[in-house]
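Here is the structure we will look at.
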Amino acid sequence: MEGAAVRAAYTEILSQAHREKVGALIASEPRKSDDMGTIATVRRVFKYLREGRDVMSTATFTEAFSGVLSSGVGLIGLGLSYHLQSGVPDVVASICMASIVSGVSVFLLQKSGNALLGETLPRWRVKALIDKLEAHVAVVNVYDVKTELVGVDTVRFKAEVQFNPQAITERILQLNTAEEEPDPSGMDAHVAHAVLASQLQGIIPQLRRGFSEPSVGEDPAATWLFRNNNLFYEALAWELKDVERALRSELQDFKNVHIDLEPW
């Protein structure tokens, strides 16, 4: 029974590791169809035991595995005691069995405590998220990155993002014909930039003419500046949504994703 439980938990851990991208950065490691006896797969399982989020699968595997291992140690101790006609091997085996159970208990207590109190994403995954952000055309740099795991299906990501104003303006002016992924909020980035570009075309002629013409009422320069700032603010908001969409695509294995991005 314990052996069947170990095998079932082993398979489930491999599935969870693939879903949570634990150990996926090893280029030479095949994915889910791996032979379960390979060293690479075993390493992936042990890495998931340390970094994985599914406490139930981890607890099932470690408890069943410790039961099988303790049974083997106990049988060896009994055999040696019978062969040597001495109780020492049996005592040593009992101590080893107790140590195995105690070690697994401490490990599971720490794992459960971290899941309840909250922990951070693994370093390799935080780095992958930062690289994804910095690859965005309008992002210059990313600062003060903070992550937190709450339970097994909720993650929080917070960071300060430095945007490139020139790149944002160029994206408004250029109506790219390249296809872009649709934005889950209902309007993709290409359509948003096209709308902003059409609005910008209405204020560029006034900038080219200058503000030397007499006017009544408000200062024309101030009016133009207000319109321009409003347009840039809307463009910045769309860039934030675009960056958030990229992050959510990298965190699809979480059920609940909370992202807090602040312009730097």
Quiz item: Looking at Ser86, Ser70, which one is of a type in the set (Gly, Ala, Ser) and part of a helix (DSSP H, G or I)?
Solution: Ser70
Quiz item: If Ala167 passes every condition in (1) over 21 Å from Tyr233 (Cβ atoms); (2) surrounded by 14 or more Cβ atoms within 10 Å (Cβ to Cβ) but one, which one does it miss?
Solution: (1)
Self-check item: Subset of the stretch 117-142 that is surrounded by fewer than 11 Cβ atoms within 10 Å (Cβ to Cβ) and over 12 Å from the mean Cα position of the chain (by Cα) - its residue that is modelled with the highest pLDDT
Solution: Ala135
Quiz prompt | Residue, nearest to Leu14 (Cα to Cα), within the stretch 43-67, restricted to residues that are acidic (Asp, Glu) and in a helix (DSSP H, G or I) | solution = Glu51
Exercise. Could you figure out which of (1) of a type outside the set (Ser, Thr, Tyr); (2) part of a helix (DSSP H, G or I); (3) outside the structural domain of Glu51 (by TED's automatic domain parsing) isn't true of Ile95?
Key: (3)
Quiz prompt | Breaking point among (1) exposed (fewer than 15 other Cβ atoms within 10 Å of the Cβ); (2) under 12 Å from the mean Cα position of the chain (by Cα); (3) in a helix (DSSP H, G or I), for Lys146 | solution = (3)
Quiz item: Among the residues of the stretch 35-55, is there at least one that is aromatic (Phe, Trp, Tyr), at pLDDT below 90 and either over 26 Å from Val155 (Cα atoms) or in contact with a Cys (Cβ under 6 Å, 6 or more places away or on another chain) (or both)?
Solution: no
Quiz item: Does the stretch 189-212 include one or more residues that are at pLDDT below 60, surrounded by fewer than 16 Cβ atoms within 10 Å (Cβ to Cβ) and among the charged types (D, E, K, R)?
Solution: yes
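The values are calculated or read from the model by the stated rules, or taken from the named source; none is laboratory data. Quick caveat: nothing in here was measured; it's all calculated off a predicted structure. Backbone-built Cβ (ideal geometry, glycine too); neighbour counts: all protein chains shown.
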